[in-house]
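Have a look at the structure below, then the notes.
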Amino acid sequence: MDIANLLSFGLNTLLPILAGVLLISIPLMISVAYLTLAERKVIAAMQLRKGPNIVGPFGLFQPFADAIKMITKETIVPSGANRLLFMLAPMMTFILAMVAWAVIPVGLDFNGNPLVLADINLGILYLFAVSSLGVYGIIVAGWASNSTYAFLGALRSAAQMVSYEVSIGFIIVTVVLLNGSMNLTDIVNAQKDYWNALLLFPMFILFFISALAETNRSPFDLPEGESEIVAGYFVEYSSMSFGLFFLGEYANMILMSAMTVLLFLGGWLPPLDIAAFHAIPALIWFLFKVAMVLFCFLWVRATMPRYRYDQLMRLGWKVFLPLSLAMVVLTAAYVVYGR
Amino acid sequence: MVEFLFYIFAGLMVLSAIVVVTARNPVHSVLWLIVAFLNASGVFMLAGAEFLALILAIVYVGAVAVLFLFVVMMLDVDFEQLRGNFKKNLPAGVALGILLMVELVMLSLSWRVVPAVTTASSSDTGVTNTEALGRVLYTDYIVAFQGAGLVLLVAMIGAIVLTLRKRDGVRKQNIGVQVGRKISETLEIRSVKSGEGIS
């Protein structure tokens with residue numbers, strides 16, 4: 001390969017990909033920053049408080065103040081910790097939360113093609129694979145910290161995430177069976193008449209609850225469990241290494257909301273097939289739906305008490321798994337005989 | 001480009017597999033095993049078997065290795081003591097290694113690939129990878145496939161039987177009973193006169 005070839009390869013192939021990556025990751029980072037503010041504001045409103053309102057108008061600059069505070073603090077590595085793994089764990093969490101966005105179609109461009117970095121055949125499988133890797137950031141963090149509390153938190157979360165992944169997997173199988181494709185764009189297009197949330201209604205609720213467990217959000221935030229194991233797996237982390245866990249958790253929340261929207265709420269499709277709704281761009285619909293699901297995440301956090309550990313396991317294995325398994329059989333029967 | 005990537009994935013896979021068996025810390029071993037799995041997934045991807053690649057990542061990296069890690073982290077294995085037996089077990093290990101090596105060599109010498117297979121690729125037929133795999137599994141190899149499922153079921157039941165034990169004196173939560181309770185069964189409102197209390 002000579003220089004000219006290399007240059008054209010770079011310009012034609014790498015540059016659009018790089019631009020796409022930046023176009024996804026920068027808005028995502030801003031969304032994460034404002035999701036933290038939204039969480040504090042929503043919970044404050046539900047508890048009749050004001051929430052952050054000092055930094056900037058309505059507290060809008062609070063996320064930046066938090067970020068600056070986080071960056072300027074000292075990074076502490078506990079003695080006896082495994083240095084390399086200790087620093088690697090938050091990076092893994094954060095990178096995996098970002099990498100998954102490569103296959104999420106966020107809307108349509110002007111020609112009606114999906115707006116997505118990589119429109120691969122097995123998009124949903126890729127998402128599932130990446131989200132199942134997310135547990136490593138937590139378990140490695142807990143082990144590398146050389147601390148009992150962190151280790152307990154890591155073990156809890158490993159068990160929790162593996163349990164709920166099983167039912168998430170079966171729920172995804174029902175969606176794939178019904179829509180006949182693993183490509184996320186096809187799944188959305190197959191929901192043109194009826195959203196999957198209507199056809200697979202119980203699965204929609206199950207998926208949302210499993211998403212709460214998968215992202216370690218309340219009421220399933222046992223890995224953190226402030227009242228019993230201080231802060232779980234990231235108790236030893238400070239400064240930006242803690243910040244990366246924080247960013248990763250919120251990016252994962254947005255990711256799971258986007259997955260819920262794509263799989264069950266018709267992605268970027270408007271709720272009714274009328275012209276007035278089609279006038280609103282697809283991207284806006286998608287973002288609106290994601291914001292709605294995210295609001296539910298925050299709403300649940302403000303209203304639900306934390307589950308006990310054995311209740312959490314019981315719910316995952318004895319309730320969700322049989323239900324989703326039964327639904328797989330039902331959906332398969334419907335696809336074969338019902339149409 | 002594909003060849004270059006293959007050598008990167010394959011080289012990293014072999015290297016990390018070597019580290020798996022030589023690492024002193026068992027947790028490091030498992031982590032390197034995960035790296036090896038991921039590289040194997042990359043090799044599958046290059047071969048055009050993207051379904052297998054992702055399933056490998058989901059099943060082995062996402063579930064099996066997590067449980068490995070889970071167990072290994074909890075175990076308190078004294079590796080110096082294990083190493084003490086190294087010399088004693090060396091002959092058996094060497095014999096097993098040679099046996100496996102001979103098997104591998106024999107297999108690679110006698111392995112014949114049908115010419116049609118070497119030139120076929122999934123993109124020729126217009127059938128996606130997943131669909132092709134499903135067609136083969138549920139038609140030609142249905143007996144072997146269901147047999148494998150049966151073996152897994154037996155293994156699962158075996159694991160449950162081995163670990164299930166009945167303990168006395170354990171208070172278990174019965175959610176049905178809790179939810180089915182009525183206010184009249186649990187609450188009683190009495191008006192208490194001042195200074196008398198409830199008998």
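The values are calculated or read from the model by the stated rules, or taken from the named source; none is laboratory data. Just so we're clear, the structure is a prediction, and the values are computed from it rather than from any experiment. Quick reminder, even Gly has a Cβ in these numbers, built from the backbone with ideal geometry, and neighbours come from all protein chains shown. Note: areas computed on protein heavy atoms with side chains; ligands, DNA, RNA excluded. Shrake-Rupley method; radii C 1.70, N 1.55, O 1.52, S 1.80 Å.
Please indicate, with yes or no, whether at least one residue in region A:250-264 is more than 20 Å from A:Phe128 (Cβ to Cβ), more than 14 Å from chain B (Cβ to nearest Cβ) and either touching a residue at least 12 places away in the same chain (Cβ under 8 Å) or open to solvent by 20 Å² or more (accessible area, probe 1.4 Å) (or both).
Yes, region A:250-264 contains at least one residue that is more than 20 Å from A:Phe128 (Cβ to Cβ), more than 14 Å from chain B (Cβ to nearest Cβ) and either touching a residue at least 12 places away in the same chain (Cβ under 8 Å) or open to solvent by 20 Å² or more (accessible area, probe 1.4 Å) (or both).
Take the residues in region B:15-55 that are over 27 Å from A:Leu122 (Cβ atoms) and either open to solvent by 70 Å² or more (accessible area, probe 1.4 Å) or not in a helix (DSSP H, G or I) (or both); name whichever of them is nearest to the other protein chains (Cβ to nearest Cβ).
B:Asn25
Determine the pairs where a residue that is among the charged types (D, E, K, R), located within region A:288-299, has a partner that is modelled with pLDDT of 90 or more and surrounded by 14 or more Cβ atoms within 10 Å (Cβ to Cβ) with Cβ atoms under 8 Å apart, the partner being 6 or more residues away or on another chain.
Matching pairs, first to second residue: A:Lys289/A:Val261.
Which fully enclosed helices (runs of 4 or more DSSP H) of region A:271-339 have 3 or more residues being more than 14 Å from chain B (Cβ to nearest Cβ)?
So the answer is A:275-278, A:282-303, A:321-333.
Yes or no: region A:164-184 includes at least one residue that is touching a helix residue (DSSP H, G or I) at 6+ places or on another chain (Cβ under 7 Å), more than 11 Å from every other protein chain (Cβ to nearest Cβ), buried (at least 21 other Cβ atoms within 10 Å of the Cβ) and small (Gly, Ala, Ser).
Yes: region A:164-184 contains one or more residues that are touching a helix residue (DSSP H, G or I) at 6+ places or on another chain (Cβ under 7 Å), more than 11 Å from every other protein chain (Cβ to nearest Cβ), buried (at least 21 other Cβ atoms within 10 Å of the Cβ) and small (Gly, Ala, Ser).
For region A:116-136, check the following and say yes or no: at least one residue is under 15 Å from the mean Cα position of the chain (by Cα), more than 11 Å from every other protein chain (Cβ to nearest Cβ) and under 19 Å from A:Leu315 (Cβ atoms).
no
Checking the structure you have, find out if any residue of region A:138-149 is open to solvent by less than 40 Å² (accessible area, probe 1.4 Å), assigned to a loop (DSSP other than H, G, I, E, B) and modelled with pLDDT under 85.
yes
What number of residues in region A:93-115 are without any contact (Cβ under 8 Å) to a residue 40 or more places away in the chain and either open to solvent by 60 Å² or more (accessible area, probe 1.4 Å) or within 14 Å of another protein chain (Cβ to nearest Cβ) (or both)?
5
Return the only residue of B:Ile198, B:Ile189, B:Ile175 being within 30 Å of A:Leu312 (Cα to Cα), modelled with pLDDT under 85 and among the β-branched types (Val, Ile, Thr).
Step by step, each of B:Ile198, B:Ile189, B:Ile175 is checked, and only B:Ile175 is within 30 Å of A:Leu312 (Cα to Cα), modelled with pLDDT under 85 and among the β-branched types (Val, Ile, Thr).
Which is touching a residue at least 40 places away in the same chain (Cβ under 8 Å) and buried (at least 18 other Cβ atoms within 10 Å of the Cβ), of A:Pro63, A:Pro90?
A:Pro90
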